[in-house]
Amino acid sequence: MAIQITPSILTADFADLGAEVARVPGSDWIHVDVMDNHFVPNLTFGPRMVESLVGASPVPVDAHLMITEPDRHAAAYVEAGAGSVTFHVEAAAAPVRLAREIRRQGARASMALRPATPIEPYEDLLPELDMVLIMTVEPGFGGQKFLDLCLPKIRRARALMDKHGVQTWLQVDGGVSLETIERCAEAGADVFVAGSAVFDADDPDAMVAALRDRAGATAGRA
Ligand code: DX5
Ligand code: ZN
């Protein structure tokens, strides 16, 4: 299981995002949190901003859509150049159609679950998905405390993926740091979003490497 580290720019300097993403060349993806003030109580970027970031980023862009009506809006983020597009299942009217459409357009299709949303009802969707994102905070803001109550769901999601023999990646997002990443890796996550832990560090790229080492050591033991 390859470990991937995905810095989130949510707490980076929005006036200088080109310079911010250039500080983490050792990452696997750049995570962009798209918020609409409806699905979550915060407002961030749209497709034009994502398109500019795709042009500036040294690595592919992972767009996390925290928006209502992702069925209508996800296509614009694939067109903007995102390599992976994540919609929230709580907001999607037709998640199977949406995932197929994202894949047909040429991006990786990913489905996110809020902390209180179970994975079990979506077991049969796993072959349709390139990644499942298990939120480890309530979505909306960076810098929140990691919710340990999400760990059993990560384990259950990994078990379902093993049962179905799918290659679906398992991403965690929210409160991921040197302190919490081991718990996530031990539970079976393999793609780690880290916002404040990376961009508040003196050397963000060294923090990406440190997170990778710690997750890799844990996953190797698991
Ligand atoms: C929260 C966002 C996260 C956020 C994570 O709703 O989806 O991507 O940036 O930030 P940290 O790592 O600071 O919790
Ligand atoms: Zn996110």
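The table for this structure:
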item	result
Filter result for I67 (farther than 26 Å from R158 by Cβ and hydrophobic (A, V, I, L, M, F, W, C))	yes
From R156, R183, residue being over 18 Å from I30 (Cβ atoms), more than 16 Å from ligand 2 (Cβ to nearest atom), of a type in the set (K, R) and in contact with a Phe, Trp or Tyr (Cβ under 9 Å, 6 or more places away or on another chain)	R183
Failed item in (1) hydrophobic (A, V, I, L, M, F, W, C); (2) under 17 Å from I30 (Cα atoms); (3) surrounded by fewer than 24 Cβ atoms within 10 Å (Cβ to Cβ); (4) touching a residue at least 12 places away in the same chain (Cβ under 8 Å), with A206 passing the rest	(4)
Residue check for A15: part of a loop (DSSP other than H, G, I, E, B), farther than 19 Å from I134 by Cα and not β-branched (V, I, T)	no
Index of the failed condition, T117 passing every other in (1) closer than 23 Å to R72 by Cα; (2) within 16 Å of ligand 1 (Cβ to nearest atom); (3) surrounded by 17 or more Cβ atoms within 10 Å (Cβ to Cβ)	(3)
Residue that is surrounded by the most Cβ atoms within 10 Å (Cβ to Cβ) [pool: residues in the stretch 169-203 that are among the β-branched types (V, I, T) and part of a loop (DSSP other than H, G, I, E, B)]	V176
Any hit, the stretch 52-75, residues being at pLDDT below 95 and among the polar types (S, T, N, Q)	no
Odd one out for A2 among (1) out of contact with any helix residue (DSSP H, G or I) (no Cβ under 6 Å at 6 or more places or on another chain); (2) more than 30 Å from A217 (Cβ to Cβ); (3) not polar (S, T, N, Q)	(2)
Every residue from the stretch 58-67 that is more than 10 Å from ligand 1 (Cβ to nearest atom) and either in contact (Cβ under 8 Å) with a residue 60 or more places away in the chain or surrounded by fewer than 24 Cβ atoms within 10 Å (Cβ to Cβ) (or both)	P58, V59, P60, I67
The lone exception for V96 - which of (1) among the hydrophobic types (A, V, I, L, M, F, W, C); (2) more than 16 Å from ligand 1 (Cβ to nearest atom); (3) crowded, with 19+ Cβ neighbours inside 10 Å; (4) not in a loop (DSSP other than H, G, I, E, B) it fails	(3)
Count of residues meeting criterion [at positive phi and either within 16 Å of ligand 2 (Cβ to nearest atom) or touching a strand residue (DSSP E or B) at 6+ places or on another chain (Cβ under 8 Å) (or both)] in the stretch 99-153	2
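Listed here are the residues, each with its yes/no results for (1) part of a helix (DSSP H, G or I); (2) more than 21 Å from F141 (Cα to Cα); (3) modelled with pLDDT under 95; (4) within 14 Å of ligand 1 (Cβ to nearest atom).
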position: M1; (1), (2), (3), (4): no, yes, yes, no
position: L10; (1), (2), (3), (4): yes, no, no, yes
position: F39; (1), (2), (3), (4): no, no, no, yes
position: E90; (1), (2), (3), (4): no, no, no, yes
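Per-residue answers, yes or no, for (1) in a loop (DSSP other than H, G, I, E, B); (2) among the charged types (D, E, K, R); (3) within 17 Å of the chain's Cα centre (by Cα):
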{"site": "H73", "(1), (2), (3)": "no, no, no"}
{"site": "V78", "(1), (2), (3)": "no, no, yes"}
{"site": "D124", "(1), (2), (3)": "no, yes, no"}
{"site": "G143", "(1), (2), (3)": "yes, no, yes"}
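The values are calculated or read from the model by the stated rules, or taken from the named source; none is laboratory data. All of these numbers come straight from a predicted model, not from anything done at the bench. No Cβ is skipped: glycine too gets one built from the backbone with ideal geometry, and neighbour counts run over all protein chains shown.
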